[in-house]
Amino acid sequence: MSMKAKTGVKQDKKGVRKKEKMDIRLEYDMKLTEVENKFFSSLKSKDLKAIRCPKCHKVIFPPTDYCPYCREKTKSGKWVNIPNIGKVISQTTIHYSYNPNFPSPYSILAIKIPKTDSILILPSKNTGIYLGDRVRISVKGKREFNITDIEVENMSS
Ligand SMILES: [Zn+2]
């Protein structure tokens with residue numbers, strides 16, 4: 001991780017200290033786990049793949065290393081294709097951007113995908129999607145190998 005920051009305090013002509021806006025950027029280098037690597041690699045084929053917990057058989061999407069239900073390691077679980085549709089069960093619009101590559105406004109959507117036992121929490125540049133809407137989920141053409149590679153389209157309007 002590296003961090004760059006400008007000073008946060010300046011003095012005016014009278015010597016009064018004033019706060020100024022700071023520009024702080026954090027860059028992270030994170031290693032993908034085996035399950036994450038397999039999931040992001042699967043996006044190359046544009047299929048949405050979930051993992052079935054080897055112990056409790058819940059279907060987790062996006063796949064995680066540990067089952068959120070029983071905490072079992074999932075890496076020996078079976079990979080399964082899931083439908084590319086879902087229903088928005090929660091939504092909010094964000095008006096401040098934390099990522100220059102993901103400008104505001106954008107939405108954070110919570111999507112229930114049939115045949116899965118987890119909720120997909122997804123940032124989306126599409127701000128025309130609301131609670132209760134049915135959506136189509138797809139993998140975008142130009143991928144960055146993160147969760148924003150999954151795009152959402154409103155099927156209700
Ligand atoms: Zn489990």
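Residues in region 122-149 that are of a type in the set (A, V, I, L, M, F, W, C) and out of contact with any helix residue (DSSP H, G or I) (no Cβ under 8 Å at 6 or more places or on another chain) were compared, and the one that is farthest from Asp29 (Cα to Cα) is Leu131.
Looking for something within 16 Å of the ligand (Cβ to nearest atom) and touching a residue at least 40 places away in the same chain (Cβ under 8 Å) - is there at least one such residue anywhere in region 126-147? Write out each step before concluding.
Here is the first cut: in region 126-147, the residues within 16 Å of the ligand (Cβ to nearest atom) are none.
Within region 126-147, none of the residues are within 16 Å of the ligand (Cβ to nearest atom) and touching a residue at least 40 places away in the same chain (Cβ under 8 Å).
For region 62-82, filtering for residues that are outside any loop (DSSP other than H, G, I, E, B) and either away from the ligand (no atom under 12 Å from the Cβ) or of a type in the set (S, T, N, Q) (or both) leaves 4.
Can you find, within region 141-157, the residue that is nearest to Ile60 (Cα to Cα) among those that are surrounded by fewer than 14 Cβ atoms within 10 Å (Cβ to Cβ) and within 14 Å of the chain's Cα centre (by Cα)? My answer is Asn146. Restricting Asp47, Asp23 to those that are among the acidic types (Asp, Glu), more than 16 Å from the ligand (Cβ to nearest atom) and more than 25 Å from Lys140 (Cβ to Cβ) reduces the list to Asp23. Scanning region 23-61 for residues that are surrounded by fewer than 15 Cβ atoms within 10 Å (Cβ to Cβ) and outside any loop (DSSP other than H, G, I, E, B) gives Arg25, Leu26, Glu27, Glu34, Asn37, Ser41, Lys44, Ser45.
Hey, does region 102-119 have a residue that's surrounded by 13 or more Cβ atoms within 10 Å (Cβ to Cβ), among the aromatic types (Phe, Trp, Tyr) and modelled with pLDDT under 95? Yes: one or more hits.
Restricted to region 75-101, and to residues there that are modelled with pLDDT of 95 or more and charged (D, E, K, R), the residue that is surrounded by the fewest Cβ atoms within 10 Å (Cβ to Cβ) is Lys78.
The strands (runs of 3 or more DSSP E) found wholly in region 92-143 and carrying at least 2 residues that are under 30 Å from Met22 (Cα atoms) occupy 106-112, 119-124.
The values are calculated or read from the model by the stated rules, or taken from the named source; none is laboratory data. Computed from a predicted structure; not experimentally measured. Glycine also receives a Cβ, built like all others from the backbone with ideal geometry; neighbour counts cover every protein chain displayed.
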